[in-house]
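Enquirer: I am attaching a structure below and will ask some questions about it afterwards.
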Amino acid sequence: MSKSNLAVRRRLARVAAIVGAAGALVAVTSMPAAAAGPYINSNSGGANIRSCANTGCSSNGYYGNGTGVTMVCWVDSQWVYPPNSNYASNRWFRVNSPTSGYIHSSLIANQVSTPAC
């Protein structure tokens, strides 16, 4: 192999390595920030933060999809079924950030292990 062909191959290998590294960086940085922990992911676009674990309780606020939440504990209470939830369940999570209250389990993605309340 001539010196010029070898030089071209080395340059192409460097370019390929740089492009591959840049692609990996884009893939990592394009993930939503909420993907690192629990976040709201509702079929309806968000979730009410309830004062108790029941849809009849007052709302302390509303989180839109993608809002990160801090899960504190869980309680089994009122069953909620679609279309008011993503799936049927009686599990609710107490959250304390950014607002304190209860959110139905089906509306929280990337759930982490929490104790019972």
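The values are calculated or read from the model by the stated rules, or taken from the named source; none is laboratory data. Quick caveat: nothing in here was measured; it's all calculated off a predicted structure. Using ideal geometry, Cβ is built from the backbone for each residue, glycine included, and neighbour counts are taken over all protein chains shown. When the accessible area is computed, the model is the full protein with side chains, heavy atoms only, and any ligands, DNA or RNA have been set aside. Shrake-Rupley method; radii C 1.70, N 1.55, O 1.52, S 1.80 Å.
Enquirer: Ignoring ligands, DNA and RNA, what percent of the accessible area of the stretch 39-109 is carbon or sulfur (1.4 Å)? Mind showing how you got there, number by number?
Expert: Working: 1520 of 3310 Å².
After summing per-atom areas, the C and S share lands at 46 percent.
Enquirer: Roll a 1.4 Å probe over the protein chains and send me the accessible area per residue for the stretch 39-109 in Å². All intermediate terms of the calculation are to be shown ahead of the outcome.
Expert: Working: 3310 Å² over 71 residues.
I get 47 Å² per residue for the stretch 39-109.
Enquirer: May I pose another question? Does a label point 7 Å from the Cα of residue 52, set along Cα-to-beta-carbon, have any residues of the stretch 65-92 with amide nitrogen under 13 Å, and which are they?
Expert: Answer for the stretch 65-92: 77-78.
Enquirer: Give me Rg/Rg_expected for the stretch 39-109, where Rg uses Cα atoms only and Rg_expected = 2.2 N^0.38 Å with N residues.
Expert: Numbers: Rg = 10.4 Å, N = 71, 2.2 N^0.38 = 11.1 Å.
Ratio of Cα Rg to 2.2 N^0.38 Å: 0.93.
Enquirer: Using amide H atoms built in the peptide plane, which far-off residues or other-chain residues are under 5 Å from residue 101 H to H?
Expert: The list, which skips near neighbours in sequence, is 95.
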